[in-house]
Amino acid sequence: MFVLNDREYEYISRAVYDYAKINLTEQKRPLIVSRLSKRIRELKMNSFAQYVKYLKEEQTGREFELLVDSLSTNFSHFFREPHHFDFLRHEVLEKAGREQLTIWSAAASTGQEIYSILITIKEYERETGRKINVRLLASDISRKVLEAASKGVYQERDVEKVPRPVLENYILRGTGEKSKLVKVKKELVDKVNFFRINLNDKIYRLQKMDVIFLRNAIIYFDHDTKVELINRLHNYIKPGGFLILGHSESLSGLSDKFELIGKTIYRRIGDD
Ligand SMILES: C[S@@+](CC[C@H](N)C(=O)[O-])C[C@H]1O[C@@H](n2cnc3c(N)ncnc32)[C@H](O)[C@@H]1O
């Protein structure tokens, strides 16, 4: 491990905050040291001073993106928080008309969330014979996770919670040396529009959504960032549309423009 002095820590934590609004508090200092020491070794450097100098001089911003990637949490899995997918089925799909539904996974990570949404829709269509007119969007600040998401390849253990008969309709199993891997079928991957969005940008080039999944992302933001983001997202949800948060997240004290209608499920209040 390399030694991270106060000036270097402040530079890194300030730069990450300015870019992604991810709060690298003093408690996260050991994490910065361990994750970036690995990167410093990969670059064949021998100190944080050298690395910070490189970060400042590197023009493309790619190294900075790698740094943010290495310090953020990308954990996700298929059908995480299953009640959200029950809600999608019973309150959104069953009530959907002919108009196009738009669903956005706004901190999509490696794609398990958007594919769980899509599998829920496909299963609903299969069971009812109905066709849902839907546009699916998945975005993240990290290009690396989006690249993985758009490949749709996972470890077999990642899909353990998906009932096997359901799984077989949407996922291919690897063979030979890939026998521990599964791959989401191409026809599903092709249904998702992947793109990069920093949620803390002031505007997004997006239409209004019926449902936004914003799960397990705002937990990393401070209060003011959360307030700003939630008020911005209000403009990207249709009146009566839904915002879904992660299990330990809440809009309490952040916005009065949404009402809580289920466990971490909010409905947008008010007309346009
Ligand atoms: C823990 S994962 C959540 C994945 C999925 N939503 C779930 O609940 O399983 C958090 C994701 O938020 C993304 N993220 C963090 N800051 C972001 C920002 N400012 N804009 C967009 N995405 C961000 C991270 O890159 C990461 O992939």
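A short reminder: the numbers here are calculations on the coordinates, not readings from a lab. All of these numbers come straight from a predicted model, not from anything done at the bench. A quick note on method: Cβ atoms are made from the backbone with ideal geometry, for glycine too, and the neighbour counts reach across all protein chains shown.
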Applied in sequence order to the range 165-171, the curve 6.51 cos²θ - 1.76 cosθ + 1.60 (Karplus, θ = phi - 60°) yields integer Hz couplings, x standing for Gly and Pro, of x, 5, 3, 4, 6, 10, 10
Out of the trypsin sites (Lys or Arg not before Pro) in the range 154-196, which ones are loop residues according to DSSP with at most 11 other C-beta atoms within 10 Å? LYS180
Sequence neighbours fewer than 8 away in the same chain don't count; with that in mind, list the aspartates and glutamates whose C-alpha is under 12 Å from LYS131. GLU94, GLU99, GLU123
Gyration tensor on Cα atoms of the chain, a ≥ b ≥ c root eigenvalues, a/c under 1.5 rounded, else prolate if a/b beats b/c, else oblate, says oblate
Which distance in Å, rounded to a whole number, links the C-alpha centroids of the range 199-214 and the range 62-123? 14 Å
Residue-span extension gain [GLU42 to ARG89] - 0.36 nm each, minus C-alpha spacing: 12.3 nm
Sorting ALA108, PRO239, SER13 by the position of each Cα along the dipole of the chain (Lys, Arg +1; Asp, Glu -1; all at Cβ), the one nearest the positive end of that ordering is ALA108
What is the spin-label model distance, in nm, from ASN169 to ARG7 if the labels are put 7 Å beyond Cα along the C-beta direction? 6.1 nm
To check you understand DSSP bridge types, tell me what percent of the beta bridges within the chain (both residues inside) are antiparallel, rounded to 5. 40 percent
Spatially proximal aspartates and glutamates relative to LYS180 (Cα-Cα < 17 Å; intrachain offsets below 8 disregarded): GLU156, ASP158, GLU160, GLU168
Tell me the label-point distance for the pair GLU63, GLN27, using the 7 Å Cα-to-Cβ offset, in nm and rounded to one decimal. 3.1 nm
Do any trypsin sites (Lys or Arg not before Pro) in the range 1-57 lie in a loop, going by DSSP, with at most 15 other beta-carbon atoms within 10 Å of their beta carbon, and if so which? LYS44
Longest site-free stretch - the chain; sites: GluC sites (Glu not before Pro), DSSP loop, at most 16 other Cβ within 10 Å: 161-272
What's the long-distance tail for the range 147-260, i.e. % of Cα pairs beyond 21 Å? 52 percent
Going by Cα centres, the range 224-251 and the range 1-52 are how many Å apart? 30 Å
Among the listed pairs LYS21/LYS185; LYS28/LYS122; LYS208/LYS263, which have their C-alpha atoms separated by more than 30 angstrom in this model? LYS21/LYS185; LYS28/LYS122
Candidate lysines - alpha carbon under 20 Å from LYS53, same-chain residues fewer than 8 apart omitted: LYS38, LYS44
Using the basic label-point model (7 angstrom from Cα toward the beta carbon), what is the ASN74 to GLU187 distance in nanometres? 2.9 nm
Given the rule -39500 (n - 2.57) for each run of at least 4 DSSP H residues, summed and divided by the residues of the chain, what is its mean residue ellipticity at 222 nm, to the nearest 500 deg cm²/dmol? -11000 deg cm²/dmol
